[in-house]
Amino acid sequence: MLKRLDFNNNPYLGVYCRANDDVAFIDPYLAEKSREQVAAALDVEVVTLAIGGSPITGSLLAMNSHGAVVTDFIADHELQTLRQHFDGNVLVIKDNFNAAGNNVLVNDTGALVHPMLGDDTTNDIKDVLDVEAQRGTISSIKTVGMVAVATNRGLLCHPKVAEEEQEQLEALFGVDVDIGTVNHGVPYVGAGIVANGTGAVMGTATTGIEMGRIEEALRLAGD
């Protein structure tokens, strides 16, 4: 299911929410109606979660079905909430580049991480998320989580992705890679879309043509 909506009049939904096929963690300051719409579109349990007291949950959290990676300024009670949904399998990044949602792109097969993340951090991400993890860029942009959306069915990324980057993505994530935009021409699709294998939500400025590309790239047609 595809759904257009804004979070408190903000169309950059990926900044405030992160989802896998079972659960979505979302800005706790959103209206109940918005949370219900996300739950219906993605067919998930919705859990409100601030990180370090901040509502930008999507920018600070990366996850797949196996585990989660989160910034190191998460509060203890927030971390406890997160651990409950992953049987404790949560990595707290202690790295200069610790905005996990911005710097880690992941599905259940692979993870692409910011090229300046340290070796220990990259290896820890690999272990916790139970995937192959590689450093890389998308369209020469290092904050790979902001410029792409990956699920277990497809991957949508910045329209200026280089051929060699696309080849790396397809080999790493095990899905086809397509290009597109969100919110009427914005290439930062990771910041504008929240998606899983069931559906996707995106800002209300997203055009019908863009929605079609999102649906096709994430293999949601007919669902």
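Each value in this text was obtained by applying a stated rule to the coordinates, not by laboratory testing. Quick caveat, the model's predicted, so the values are computed rather than measured. Glycine also receives a Cβ, built like all others from the backbone with ideal geometry; neighbour counts cover every protein chain displayed.
Only four residue types carry charge here, +1 at the Cβ of Lys and Arg and -1 at the Cβ of Asp and Glu. Report the dipole size of the range 79-132 about the Cα centre in Debye, rounded to the nearest 20.
Details: 3 positive and 9 negative charges, 48 e Å.
It works out to roughly 240 debye.
Treating only the Cβ atoms of Lys and Arg (+1) and Asp and Glu (-1) as charged, compute the dipole magnitude of the range 1-46 about its Cα centre; round to the nearest 20 debye.
Working: 5 positive and 8 negative charges, 44 e Å.
My answer is approximately 220 debye.
By counting other Cβ atoms within 10 Å of each Cβ, how are ASP72, ASP21 ranked from fewest to most?
Details: ASP72 14, ASP21 18.
Lowest count first: ASP72, ASP21.
What ranking do PHE173, PHE97 get, fewest neighbouring Cβ atoms within 10 angstrom at the top? Numbers along the way, then the final one.
On the way: PHE173 25, PHE97 19.
Going from least to most buried by this count: PHE97, PHE173.
Percent antiparallel among DSSP beta bridges with both residues in the range 58-194, to the nearest 5? Display every interim value, and only then the final one.
Numbers: 11 of 22 bridges.
If we restrict to bridges inside the range 58-194, about 50 percent are antiparallel.
For the chain, what is the charge dipole size about the Cα centre, in debye to the nearest 20, if Lys and Arg each add +1 at the Cβ and Asp and Glu each add -1 at the Cβ? Don't skip to the end; give the middle numbers.
Details: 14 positive and 31 negative charges, 131 e Å.
Charge dipole of the chain: 620 debye, to the nearest 20.
So which aspartates and glutamates can LYS33 reach, going by Cα to Cα under 18 Å and dropping same-chain residues fewer than 8 places off?
ASP6, ASP43, GLU45
Using every Cα-Cα pair within the range 111-150, state what percent have a distance larger than 17 Å.
Details: 203 of 780 pairs.
That fraction is 26 percent.
Within the range 124-216, which trypsin sites (Lys or Arg not before Pro) sit in a loop by DSSP and count at most 13 neighbouring Cβ atoms inside 10 Å?
Passing both the DSSP loop test and the Cβ count: LYS160.
Test of understanding: ordering VAL44, VAL147, VAL104 by Cβ neighbours within 10 Å, fewest first, what list do you get? Could the numbers behind the result be given before it?
Working: VAL44 21, VAL147 25, VAL104 28.
Ranking VAL44, VAL147, VAL104 by Cβ neighbours within 10 Å, fewest first, gives VAL44, VAL147, VAL104.
Considering the dipole of the range 142-190 built from charges on the beta carbon (Lys and Arg +1, Asp and Glu -1) around the Cα centre, which of ASN183, VAL161, PHE173 is farthest to its positive end?
ASN183
Can you give the helix-only mean residue ellipticity at 222 nm for the chain, where every DSSP H stretch with n ≥ 4 adds -39500 (n - 2.57) and the sum goes over all residues, rounded to the nearest 500 deg cm²/dmol? Provide the component values of the computation, followed by the final result.
Working: 8 runs with 64 residues, N = 223.
-7500 deg cm²/dmol, from helical runs alone.
Which entry in [x] 8, 33, 32, 19, 7, 0; [y] 7, 22, 17, 14, 15, 13, 8, 2, 0; [z] 9, 39, 39, 13, 0 matches P(r) over Cα pairs in 10 Å bins from 0, in percent derived from the coordinates of this structure?
Recomputing P(r) over Cα pairs in 10 Å bins from 0, in percent here gives the entry labelled [z].
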